[in-house]
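Accompanying notes for the structure given below.
The values are calculated or read from the model by the stated rules, or taken from the named source; none is laboratory data. Predicted, not measured: the structure shown is a model, and the values here were computed from it. Counting neighbours? That spans all protein chains shown, and the Cβs are built from the backbone with ideal geometry, glycine included.
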Amino acid sequence: MNNGPMLFLGLFASMAISWVTFVLGPQVQMGGMLPAQTVGGLAVSYPNNAPGLARQGAEVYRASGCAYCHTQQVRPTELGSDLAHGWGPRRSVAHDYIFDQPVMLGTQRLGPDLANAGKRMDATAVLVRLWDPTIINHLDSAHSIMPSYKYLFEVRKIGRTPSSDALGVAAPAGYEIVPKPAARALAAYVANLRQEPYLFEAPPPPGAVSTNAPAGGTNAPAAGSGVPALPGGTNAANPQSAVPNPQSSK
Ligand code: HEC
């Protein structure tokens, strides 16, 4: 076969081009991404690393196959109705995932998107759903296609005093349902999922009022600071708010 070297070179070139495009390029562009300053409110650093229990929960999420049915990505308006659905205040961007290892975007939505699950429920609600998905069910209360994860709980005989962390769900007489450490970690992980602060590449929708001010805080300029307060405006003093919003062209 005389064309052996050409064949080899051709194959090599296709592999090399794919590697440069799909591995090297993204790595150069995003590999060293650092937390960003948020816009549309007080500028704070985002994202922050998840608390320890939630980090352990990410492993349970991964091992339990939650990502087979749940995504963690809010698509931009051009690519779907996620924003209209209320899955999040803004689309997901690469910054949201820089601390995730691995990133569990998911591909199928048999269940709701969980990118902002922490905005909708607390850890207890997640535990109840893991124990029995039909207890809190938006679709129809008798049935859920989400499997129950009962093995993450212990059905324990109530001792002299009931456990403080027993779940408030129906249990056989004399028994209580106590989440195992893996369940508690998983619930902390889900209840910690939030992609809310607005970023430069995912700015607030035009005219939206900022939501990422610290609780109880107002972003109005301090009295006497000489900066005039804008009506409904929250980020008057933030120079980045003058950047045109790429999403507003639609
Ligand atoms: C077989 C598919 C499937 C798997 C696997 C699955 N879920 Fe679900 N999940 C669903 C469906 C469907 C719903 C919504 C319907 C309902 O309310 O039961 C849901 C709902 C939820 C909700 C409520 C979301 C909301 O916005 O109200 C949470 C939280 C959740 N699942 C977490 C998990 C976690 C954590 C795991 C892994 C341990 C998991 N799910 C595995 C299908 C699944």
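For every residue, the table says whether it meets (1) modelled with pLDDT of 95 or more; (2) more than 20 Å from Ala54 (Cα to Cα); (3) surrounded by 13 or more Cβ atoms within 10 Å (Cβ to Cβ); (4) basic (Lys, Arg).
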| position | (1), (2), (3), (4) |
| --- | --- |
| Ala115 | yes, no, yes, no |
| Val126 | yes, no, yes, no |
| His138 | no, yes, no, no |
| Ser141 | no, yes, no, no |
| Met146 | no, yes, yes, no |
| Tyr149 | yes, no, yes, no |
| Leu152 | yes, no, yes, no |
| Gly159 | no, yes, no, no |
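In region 85-108 there is at least one residue matching the filter, namely being touching a His at 6+ places or on another chain (Cβ under 7 Å) and either under 19 Å from Ala202 (Cα atoms) or surrounded by 11 or more Cβ atoms within 10 Å (Cβ to Cβ) (or both). Annotation: Leu167 fulfils all but one of (1) within 16 Å of the ligand (Cβ to nearest atom); (2) part of a loop (DSSP other than H, G, I, E, B); (3) under 30 Å from His95 (Cα atoms); the unmet one is (3). Candidates Tyr175, Tyr189: the one that is in contact with a strand residue (DSSP E or B) (Cβ under 9 Å, 6 or more places away or on another chain), over 15 Å from Tyr149 (Cα atoms) and hydroxyl-bearing (Ser, Thr, Tyr) is Tyr175. Residue check: Ala185 meets all listed conditions (1) loosely packed, with under 14 Cβ neighbours inside 10 Å; (2) within 16 Å of the ligand (Cβ to nearest atom) but one, namely (1). For region 103-140, enumerate the residues that are more than 9 Å from the ligand (Cβ to nearest atom) and farther than 23 Å from Arg90 by Cβ. If the condition is that a residue be more than 9 Å from the ligand (Cβ to nearest atom) and farther than 23 Å from Arg90 by Cβ, then Ala123, Thr124, Leu127, Val128, Trp131, Asp132, Ile135 are the ones that fit. Exactly one residue among Ala123, Ala117 is in contact (Cβ under 8 Å) with a residue 12 or more places away in the chain and over 18 Å from Tyr46 (Cβ atoms), and that residue is Ala123.
In the condition set (1) hydrophobic (A, V, I, L, M, F, W, C); (2) in contact with a His (Cβ under 7 Å, 6 or more places away or on another chain); (3) within 16 Å of the ligand (Cβ to nearest atom), Met33 is compliant with all but (3). Taking residues in region 53-81 that are β-branched (Val, Ile, Thr), and partners anywhere that are away from the ligand (no atom under 13 Å from the Cβ), the pairs with Cβ atoms closer than 6 Å and at least 6 places apart or on different chains are Val74/Arg91; Val74/Ser92; Thr77/Leu83. Taken together, the residues in region 75-102 that are over 17 Å from Tyr46 (Cα atoms) and either within 11 Å of the ligand (Cβ to nearest atom) or touching a strand residue (DSSP E or B) at 6+ places or on another chain (Cβ under 9 Å) (or both) amount to 4. Report yes if Ala182 is modelled with pLDDT under 90, more than 25 Å from Ser92 (Cβ to Cβ) and of a type in the set (A, V, I, L, M, F, W, C), otherwise no. Taking the combined requirement at face value, the residue does not satisfy it.
When the residues of region 13-38 are filtered to those that are of a type in the set (A, V, I, L, M, F, W, C) and in a loop (DSSP other than H, G, I, E, B), the one that is surrounded by the fewest Cβ atoms within 10 Å (Cβ to Cβ) is Leu34.
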